[in-house]
1. Between T35 and E189, what length in nm is gained on full extension when 0.36 nm per residue of separation is reduced by their alpha carbon distance?
2. When the Debye formula is applied to the Cα atoms of segment 302-365, each taken as the same point scatterer, what base-10 log of I(q)/I(0) results at q = 0.14, 0.18, 0.30 Å⁻¹?
3. What lysines sit close enough to K53 to cross-link, taking a C-alpha to C-alpha distance under 24 Å and skipping anything fewer than 8 places away on the same chain?
4. Take the chain, connect every pair of alpha-carbon atoms lying under 10 Å apart with a spring to form a Gaussian network, then pick out the residue of K314, K234, K53 with the largest mean-square fluctuation.
5. For R69, R108, R303, R316, what's the largest-to-smallest order of accessible area, 1.4 Å probe?
6. What nm value, rounded to one decimal, do you get for the distance between R316 and V416 when each label is placed 7 Å out toward the C-beta?
7. Out of C24, C320, C132, any idea which swings most in a Gaussian network model of the chain, alpha carbons joined below 10 Å?
8. Want the number for M82 to D147: 0.36 nm per residue separation, take away the alpha-carbon distance, what's left?
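The values are calculated or read from the model by the stated rules, or taken from the named source; none is laboratory data. All figures in this text were calculated on a predicted structure; none of them were measured in a lab. Glycine also receives a Cβ, built like all others from the backbone with ideal geometry; neighbour counts cover every protein chain displayed. All accessible areas refer to the heavy atoms of the entire protein, side chains included, with ligands and DNA or RNA removed. Shrake-Rupley method; radii C 1.70, N 1.55, O 1.52, S 1.80 Å.
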Amino acid sequence: QGTRDHPPAHTALRDRLLAAVVTCFKRHGAAAIDTPVLELRETLMGKYGEQAKLIYELQDQGGELLALRYDLTVPFARYLAMNKITNMKRYHIAKVYRRDNPATTRGRYREFYQCDFDIAGQFDPMIPDAECLKIVHEILSDLQLGDFLIKVNDRRILNGVFAICGIPESKFISTCSTIDKLDKMPWEEVRSEMVGEKGLSPEAADRIGEYVQLHGGLDLIEQLLQDPKLSQNKLAKEGLGDMKLLFEYLTLFGIAGKISFDLSLARGLDYYTGVIFEAVLLQQENNHVEELVSVGSVAGGGRYDGLVGMFDPKGRKVPCVGVSIGIERIFSILEQRVKASGEKVRTTETQVLVATPHKHLLAARLKLISELWDAGIKAEMLYKKDPKLLKQLQYCEDTRIPLAAIVGEQELTDGVVKLRDVATREEVRM
């Protein structure tokens, strides 16, 4: 069915991961919002290009045409327009749904979590965009996933390239979605799709090929600014100027070494208007995780200045830039790593097990555990009237509960509790 059950170990790993992501989002001053899982079909249609075929469509009993949300960006734009909000920094973590061909080994499902961070509002160029890239860098560094690279490009530069290569404007978006496949297939196959399916001339495809296979840093931006054809194109010149500014800010943030200006990056969605970016994990040297490289991109995003205006009755635009962390793909990597290392993931946060060494002491356990819960301490006990002490201590070891609070006849008489460190077996009375 292309979705999956999450056993306790997986869920615990996911929660740990999400907590790290949320901490980063909050550190940057984002407020949390939530939007409905169901949207009107017309809200989602016409925003995703060729990907629209993956939208789950539904019809309610009144015949209203609905759809499950495909991402968290379009609902956010609709929310801004409906509430006439012109300035917001938000994060949203929720499930999205795609009628895709699942590839569970690569963290690709029909139902999965997305973690989005967006900045909406009219600001000076490239400052919010640089912060989005900084967030991707922070999260991927914090999670210690190994070496990574963040590719950046700009839709305006791509559109400029298409224009000087003689591509009609009506074919810009479809050409974009073909170029977006360059990370998955060689240039020859991309070229033949452009010519065979998208109807471009072989000469135009070859001219595009000269540009989209370039990647580098500030030096490449400078080189393209001097390009006799590209520098004459207004859109491309604007995009290159902003890209230069972006690299200046990324250098100030100290992260420019992990960023690559890559002209093959296109991102297949219709709504991007400016800077686009995607983070990929690089080949690992560790033997266990060598095959994990196929997981692909683990974060992506960009600028979408026209999307909010689509939902506003007066067409008022709110510039936006955002990033989505591919948390499900990161789960896949971490899960396989945990499996390879043989490490056990703790599935609960229980701090103490309330235990008794003799029979007829259930009342003492219930009283003590109630006190612990009321004091905010995470505690458990076995659901048996008279469990054996060995069985209770074994449960602590199996579930990695660090402490056992033992109350026997003597402890009740003395008004104390014996606290046992399960790992070291040391005991103190208190």
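1. Working: separation 154, 0.36 × 154 = 55.44 nm, distance 3.95 nm.
Value of the extension gain: 51.5 nm.
2. -0.73, -0.83, -1.14
3. In chain and number order, the partners are K95, K171, K181, K184, K198.
4. Between K314, K234, K53, it is K314 that shows the largest mean-square fluctuation.
5. On the way: R69 10, R108 70, R303 35, R316 110 Å².
Largest accessible area first, the list is R316, R108, R303, R69.
6. If labels sit at R316 and V416, their model points lie 7.1 nm apart.
7. Comparing C24, C320, C132 in a Gaussian network model of the chain, the most mobile one is C24.
8. Numbers: separation 65, 0.36 × 65 = 23.40 nm, distance 4.12 nm.
19.3 nm is the gain from fully extending M82 to D147.
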